[in-house]
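Taken together, the values in this text are just the output of simple stated rules run on the coordinates, not laboratory data. In this text, all values refer to a predicted model and were calculated from it rather than measured experimentally. Because the Cβ atoms are built from the backbone with ideal geometry, glycine has one as well, and the counts that use them run over all protein chains shown.
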Amino acid sequence: MDLLQTYKDTDADDQRMSDQSSPDSSPPRLTIIPKSAAPKVDDTMLSLTVADAIANKSLTKPLDPTQHVVAFNPTYDQLWAPIEGPAHPYAKDGLAQGMRNHKLGFVENAAIEPFTFDEQYNTFYKYGYAADPSASAGYNYVGDLNALKQNDGISVYNIPQHEQKKRKLEKKKEALEKEGGDEDEVDKEEVENPATDAWLLKNRKSPWAGKKEGLQGELSEEQKKYAEDYAKKKGEEGDKNKDKGEGMSDKSTFHGKEEKDYQGRSWIAPPKDAKATNDHCYIPKRLVHTWSGHTKGVSAIRFFPKNGHLILSAGMDSKVKIWDVFNSGKCMRTYMGHSKAVRDISFCNDGSKFLTAGYDKNIKYWDTETGQVISTFSTGKIPYVVKLNPDDDKQNILLAGMSDKKIVQWDINTGQITQEYDQHLGAVNTITFVDNNRRFVTSSDDKSLRVWEFGIPVVIKYISEPHMHSMPSISLHPNGNWLAAQSLDNQILIYSTRERFQLNKKKRFAGHIVAGYACQVNFSPDGRFVMSGDGEGKCWFWDWKSCKVFRTLKCHNGVCIGAQWHPLEQSKVATCGWDGLIKYWD
């Protein structure tokens, strides 16, 4: 302002003075020159400092861990600075969601060779210490440092077993030397004997070091004879058990009052007054009897054919029991011939004999009345299902679905395998005869159904769809035209037994939970009802025509694995479960 004042025109000043002096002019104005009261300061350095702070602000500020792009080169300290600020409202341990790549926090990938990792992992579990891969320098071990010192830091892969043995021997020798023990005489005697540690120590560089086998001398006559007898005995046992399952002595106990009554009739003879009243069946409502005797779960039940006055049960306690239904309701006989759980049972047509299949890989053919084992069959694999041919003239033919994907056919009279049906890709679960017993249908863990002509090992119909599940139980409708298959996706599917074996899409029974359990499916004798157990201990009844649930009964604690309708009584049903009980409903 001062400088501007100096440059003003003098004429303008003169003019102004003349104006002020004139009587008509306005009153004079005072012009105040503005001046700063603050002291004069050289601010060059200040401006430089501020500019430098602005430039370095981005370099000192910590990085936000959630940002994906960094527009400058951050320093090491910035990259590894702890996250500052208030606690994250939604993070339990202070880690922001963007930083978390594991449920326990942030896991950083490390490039470690698989061999190195395995070596340190196994070393830690054997010795208690391991190398620390994150340690940059110095004492880079974690774990039991005393054990590290004691073992000289070796890993499990550093030193082989025989080398460790040598080290122990050497240490032992050093200790003895320190004690000053007189061991020369001992060494002299032991060095000559290849079975001693001293000989091993001396000959440790020999290729046979580590083998404590003495020199083989000549066998005496007695030893030779014993060796021959032993080899012969082992050979005989090998031949005998080559195709056999686990052996066990067969026993049977009769629990009834007498095996024959006053008229000389056997205890398995059906009562004379039993006659069929099952032309119109009804759903049972109440529990009328409980059979308990198995110490573990019951895997299957079968009524005596045609009459149903006895019921046979297979237990996971390796026993098979037969119970009276009409009179006393007690156990009549126990059959003990399996060393493991019994998987399946099947009566012959007249009920005088029955088959059992156990997890001990044996199939046994029993006489129902006497409890004797008529014959035993085994292929060395577990049989999952056994069936006799239902034709009266083919009651000597046995079919068994095995765990090795085969269906094996035996002639009971000769004990010979007469046929093998080998097409399935998984263990065989069911065998069901159809079409006047000329064909049979099998299901398997390979989620398929296969239809075979009896006696011919060629599949005539193969049913496998992408949506199909395994079917561990199949039952034939009383009219012979339909098959009910328990599918493991919690439904019962119906297939026709005619030429094409088509799925009946209009009939489907659902509502029960059977996934993971081989719950048996069955029909009422008049074909009006379908029934099945389920995984929650209930027994379900559906109407055949409408496919609607008719009734559910809570039968067992745990799985209700089997349900059978009485062949003569119109409203009597037996169920079995993994709680070891068999229940009779009316």
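Before moving on, here are some points about what is shown:
- Separation between Cα centres of the stretch 348-409 and the stretch 445-515, rounded to whole Å: 23 Å
- Residue-span extension gain [LYS505 to LYS168] - 0.36 nm each, minus C-alpha spacing: 113.8 nm
- DSSP-assigned coil residues among trypsin sites (Lys or Arg not before Pro) in the stretch 312-398, each with at most 13 further Cβ atoms within 10 Å: LYS330
- Think of each Lys and Arg Cβ as +1 and each Asp and Glu Cβ as -1; about the Cα centre, that makes the dipole of the stretch 501-563 roughly 340 debye.
- For the stretch 447-586, the C-alpha radius of gyration sits at 1.05 times the compact-globule guess of 2.2 N^0.38 Å, with N the residue count.
- Distant-in-sequence amide contacts of LEU581, defined by a placed amide H-H separation under 5 Å and a gap of 5 or more residues or a different chain, comprise VAL298.
- Magnitude of the charge dipole, the stretch 465-539, Cβ model with Lys/Arg +1 and Asp/Glu -1, debye to 20: 300 debye
- When +1 charges are put on Lys and Arg Cβ atoms and -1 charges on Asp and Glu Cβ atoms, the dipole computed for the stretch 246-384 relative to its Cα centre reaches about 300 debye.
- Relative to the globular-protein estimate of 2.2 N^0.38 Å, the Cα radius of gyration of the stretch 414-488 stands at 1.11.
- Rounded to whole numbers, the Karplus 3J(HN,Hα) couplings from phi for the stretch 123-131 are 5, 4, 6, 8, 9, x, 9, 7, 5 Hz, using 6.51 cos²θ - 1.76 cosθ + 1.60 with θ = phi - 60°, and x at Gly and Pro.
- Distances between placed amide hydrogens fall under 5 Å for TYR384 paired with GLY401, MET402, SER403, all partners being 5 or more residues away or on another chain.
- Over the stretch 362-446: Kirkwood hydrodynamic radius from C-alpha pairwise inverse distances, Å: 13.3 Å
- Whole-Å distance, taken between Cα centres, linking the stretch 531-550 and the stretch 282-343: 22 Å
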